[in-house]
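Engineer: Right, I'll just put the structure down here and ask away after.
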């Protein structure tokens, strides 16, 4: 038996402790209590924890770049991402003496600010950059466009972007709801296939005269320390085939230099199709302003023309679909994959290459698009990542993809900052979800 005196002692300790917990819970930001949802397509629960010293700011339509800079400069924000002028959305580090709540309060009084969000970290450790005004929703196939848009309106949302993918929308958060409440509300609708917050990703690039220098095709020890035969052994394969013009290599990347002498002959005619999924300034044309997509296209299918380099499959053709890998919407990457799948029956075979990562983690729309492609017998090849860390990144992490790590030109080693190539600024990611390694 516990005496009354013992009970009093227990309560004298427990009551202050319980009150402390209550105070802590009350003091927690609303975000930390509300920031979760369960994706009904793949059955995965997402939980988001706000970061104290970082903030996402979305600016109003019509705000000039100078106005955006002035607002953030006045509050002594430090920019952490590119693309502010184009997206009207930026991620910033807060000064040490300015808590998130105070920054949010001051920004709410600005006519050029549309909304703010914390930077979140999800349950897998990825930093998430979410839109404070928008979320995305994909309806099931049987729902017509008219009915889908009625449902959107009925819940108090409006269409911000009608995505290329049929039945897929970026929509506004209903008044009085948080982003996560809106996602949970729409997730409960039987007409909805899946829904999730609208998210941004940044810095997601994952790189014949010179045929003898292409060690990945045939390593002859071109450079000191290179291992002879440490390559993909493609020359015997070329005795059988150089590829096929009706085998289409879909390069979802930064676009392509359509006039490049090593590529022009193998770029698939675009016709009237829009191949710019990055909301770029020049619609439809997938013109490469970065160079990454052009390089990837050349590795895959540069032509045999006695100049430049030669691709692995120089007789196959390239479908270059442009996305914004510097600072763009994740949902546009899903659109690009779904577009490629829609063209599948126009060709004998198709393969999709994604030499980029989702730095902001798992995104249901991209996963669903990859699953659709693979179910239609389209292999999806994804880069593991270039961070020299484990585990590998999404989308390579999805089980449906072929996840590729980078191999160094010597001793069959994983590419790391210390391998023989001398490129000390990067190394390949690795982990249990990896499928294969290839020269990087």
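The values are calculated or read from the model by the stated rules, or taken from the named source; none is laboratory data. None of these values were measured; they are calculated from a predicted model. Backbone-built Cβ (ideal geometry, glycine too); neighbour counts: all protein chains shown.
Engineer: Is it fair to say residue 278 is touching a strand residue (DSSP E or B) at 6+ places or on another chain (Cβ under 9 Å), assigned by TED's automatic domain parsing to the domain that holds residue 357, at pLDDT 75 or above and on the phi > 0 side of the Ramachandran plot?
Structural biologist: Criteria not met by residue 278.
Engineer: Where residues in segment 299-329 are surrounded by fewer than 24 Cβ atoms within 10 Å (Cβ to Cβ) and either outside the structural domain of residue 360 (by TED's automatic domain parsing) or in a helix (DSSP H, G or I) (or both), which of them is modelled with the lowest pLDDT?
Structural biologist: 299
Engineer: Does residue 265 fit the bill of being modelled with pLDDT of 75 or more and part of a loop (DSSP other than H, G, I, E, B)?
Structural biologist: In short, no.
Engineer: Taking the stated definitions as given, is residue 404 within 30 Å of residue 348 (Cβ to Cβ) and part of a strand (DSSP E or B)? Show your work before the answer.
Structural biologist: Numbers: within 30 Å of residue 348 (Cβ to Cβ): yes; part of a strand (DSSP E or B): yes.
Judged against the criteria, residue 404 is a match.
Engineer: Sticking with this one: What are the residues in segment 185-207 that are assigned to a loop (DSSP other than H, G, I, E, B) and over 25 Å from residue 251 (Cβ atoms), if any?
Structural biologist: Answer for segment 185-207, where residues must be assigned to a loop (DSSP other than H, G, I, E, B) and over 25 Å from residue 251 (Cβ atoms): 188, 189, 190, 191.
Engineer: Condition test on residue 135, is it on the phi < 0 side of the Ramachandran plot and under 18 Å from the mean Cα position of the chain (by Cα)?
Structural biologist: yes
Engineer: Would you check if there is a residue in segment 359-374 being within 20 Å of residue 244 (Cβ to Cβ) and in contact with a strand residue (DSSP E or B) (Cβ under 7 Å, 6 or more places away or on another chain)?
Structural biologist: The answer is yes; a qualifying residue exists.
Engineer: State all residues of segment 45-59 that are at pLDDT 90 or above and farther than 17 Å from residue 199 by Cα; if no residue qualifies, say none.
Structural biologist: Across segment 45-59, the qualifying residue is only 53.
Engineer: Which of (1) in contact with a strand residue (DSSP E or B) (Cβ under 8 Å, 6 or more places away or on another chain); (2) closer than 24 Å to residue 177 by Cα; (3) modelled with pLDDT under 90 is the odd one out, the single condition residue 40 does not satisfy?
Structural biologist: All conditions are met except number (3).
Engineer: Something else about it: Would you confirm whether any residue within segment 273-293 is crowded, with 19+ Cβ neighbours inside 10 Å and over 25 Å from the mean Cα position of the chain (by Cα)?
Structural biologist: So far as segment 273-293 goes, no, none of its residues is crowded, with 19+ Cβ neighbours inside 10 Å and over 25 Å from the mean Cα position of the chain (by Cα).
Engineer: Right, next: Any idea which of (1) farther than 29 Å from residue 52 by Cβ; (2) surrounded by 17 or more Cβ atoms within 10 Å (Cβ to Cβ) is the one residue 118 doesn't satisfy?
Structural biologist: The single condition residue 118 does not satisfy is (1).
Engineer: Then there's this: If I go through segment 143-161 residue by residue, how many of them are outside any loop (DSSP other than H, G, I, E, B) and either touching a helix residue (DSSP H, G or I) at 6+ places or on another chain (Cβ under 9 Å) or surrounded by 19 or more Cβ atoms within 10 Å (Cβ to Cβ) (or both)?
Structural biologist: So the count comes out to 5.
Engineer: From the list 239, 219, 230, 266, which residue is closer than 17 Å to residue 297 by Cα and assigned by TED's automatic domain parsing to the domain that holds residue 361?
Structural biologist: Just a single option satisfies the conditions, and that option is 266.
Engineer: Among the residues of segment 43-63, are any buried (at least 17 other Cβ atoms within 10 Å of the Cβ), touching a strand residue (DSSP E or B) at 6+ places or on another chain (Cβ under 7 Å) and part of a loop (DSSP other than H, G, I, E, B)?
Structural biologist: So far as segment 43-63 goes, no, none of its residues is buried (at least 17 other Cβ atoms within 10 Å of the Cβ), touching a strand residue (DSSP E or B) at 6+ places or on another chain (Cβ under 7 Å) and part of a loop (DSSP other than H, G, I, E, B).
Engineer: Determine whether segment 408-431 contains at least one residue that is at pLDDT 95 or above and either over 30 Å from residue 343 (Cβ atoms) or assigned to a loop (DSSP other than H, G, I, E, B) (or both).
Structural biologist: No, there is no match, as no residue in segment 408-431 is at pLDDT 95 or above and either over 30 Å from residue 343 (Cβ atoms) or assigned to a loop (DSSP other than H, G, I, E, B) (or both).
Engineer: Can you tell me which residue among 135, 139 is surrounded by 15 or more Cβ atoms within 10 Å (Cβ to Cβ) and closer than 16 Å to residue 48 by Cα?
Structural biologist: 135
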